[in-house]
Amino acid sequence: MEKTKYFCLDVSGSMSEQQLQMAFEQVATRARKTGDFLVAFDHEPYGILPVEEVLGKLVMDAQDLVRTLCPAMKGRGGTDARPVLQAVSDHARDHHVLAHIVLISDGELPNDDLKRFDEFVRIG
């Protein structure tokens with residue numbers, strides 16, 4: 001069974017606008033056209049969206065990216081990877097797929113959280 005990639009994009013307050021843009025570019029170059037997912041998170045996940053849905057939207061700048069991915073987000077808070085890992089695990093189980101979890105972040109989170117991801121792309 002082929003693994004489904006879940007790109008977990010850190011949108012916490014420590015991520016600069018330039019880092020957010022670079023992170024989105026990583027997703028755009030690494031993701032398959034269909035079947036992969038993007039999850040924006042800081043201390044909580046902000047929904048699991050098909051990559052093709054996000055890539056199909058015109059993203060003008062980093063703030064537009066954050067508004068597109070997390071319309072309910074009030075402010076960009078601290079980073080906690082545990083809730084996003086749980087959300088991805090639940091989603092993969094519910095959709096009967098194997099998850100390959102890719103964290104895209106500046107790395108401002110506990111090292112034990114970093115060890116839980118299959119792949120880590122440090123931005124910045």
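The values are calculated or read from the model by the stated rules, or taken from the named source; none is laboratory data. Here the structure is a predicted model, which means the values were calculated and not measured. Here the Cβ positions follow ideal geometry from the backbone for every residue, glycine too, while neighbour counts run over all protein chains shown.
Of (1) at pLDDT 85 or above; (2) exposed (fewer than 12 other Cβ atoms within 10 Å of the Cβ), HIS91 satisfies all except one. Which?
That leaves (2) as the condition not met.
Is it true that GLY47 is over 19 Å from ARG116 (Cβ atoms), surrounded by fewer than 19 Cβ atoms within 10 Å (Cβ to Cβ) and either under 10 Å from the mean Cα position of the chain (by Cα) or at pLDDT below 85 (or both)?
Judged against the criteria, GLY47 is a match.
Filter segment 4-26 for residues that are within 19 Å of ILE101 (Cβ to Cβ) and among the hydroxyl-bearing types (Ser, Thr, Tyr); which is modelled with the lowest pLDDT?
Applying the filter and picking the extreme gives SER12.
Looking at ASP80, ASP106, ASP113, ASP64, can you tell me which residue is touching a helix residue (DSSP H, G or I) at 6+ places or on another chain (Cβ under 9 Å), acidic (Asp, Glu) and at pLDDT below 80?
Just one listed residue meets the conditions, ASP113.
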